[in-house]
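Each value in this text was obtained by applying a stated rule to the coordinates, not by laboratory testing. What you see is a predicted model; the values in this text were computed from it and never measured. Because the Cβ atoms are built from the backbone with ideal geometry, glycine has one as well, and the counts that use them run over all protein chains shown.
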Amino acid sequence: MNKKILLLIAFIGMLTYGQDVNAQFKLGITTTAGTDLSIDDNGEETIAFGVGVKGIYDITSSFSIAPGFTYFFPSVPDDLDINMYVVDLDAHYNLVANDNFKLYALGGLNYSIVDVSVDAGDFGSVSSSESEIGANFGAGIRSGGDLQFFGDIKYNTAFENINATVGILFNI
């Protein structure tokens, strides 16, 4: 067991050796458009919009960790009530990084939750909740400076949809 821990520490040390460590935390607000999250009157899936918060912790000049939370506002027929939200934990790998912007690939995990309530008329309402752990895959771009703008697009395997997000980040 001790050899495995020592090997893990050595491996992490090799990955970060010579890296410019600039651990900074940023926090911001987001708006997201997610495909296939709303239901129109014909029963077809359409785009839903959401708002959220996102943090970015720059581990090195190449890697960042990005936790986030998004609450969606899906449009649905009158007899349905749907709440959808996602908790993300993504890793960013900077493909291009300079003082003005970063272009990154992202991958991570998400915990996606859907709460549904159906009005059954005289019989009251029926409710159900479902959650699933999934993966995120995508890419994004982020500006430099103390006030940073970003945009990313990613595929969520739990909701089986594409989310396009834009937002603003502040140094903490």
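Things to note:
- Of the chymotrypsin sites (Phe, Trp or Tyr not before Pro) in the stretch 103-143, not one is in a loop by DSSP (not H, G, I, E or B) with at most 10 other beta carbons within 10 Å.
- The chain: relative contact order in percent, alpha carbon pairs under 8 Å with at least 6 residues between: 20 percent
- Cα-based helix-to-principal-axis angle, 2-16 vs the chain, degrees rounded to 10: 80 degrees
- Sparse-neighbourhood loop sites, GluC sites (Glu not before Pro) in the stretch 129-172 - DSSP loop, at most 15 other Cβ within 10 angstrom: 160
- Matching the structure-derived Rg/Rh (Cα atoms, Kirkwood Rh) against the labelled list (i) 1.39; (ii) 1.06; (iii) 1.09 gives the label (iii).
- Residues 75, 128, sorted so that the one with the fewest Cβ neighbours within 10 Å comes first: 128, 75
- On full extension, the segment bounded by residue 147 and residue 160 gains 1.5 nm, given 0.36 nm per residue less the C-alpha separation.
- Fully extended contour minus Cα-Cα distance, from residue 44 to residue 98, at 0.36 nm per residue: 15.1 nm
- Backbone N atoms of the stretch 140-172 closer than 13 Å to the 7 Å Cα→Cβ label point of residue 61 are not found in any residue.
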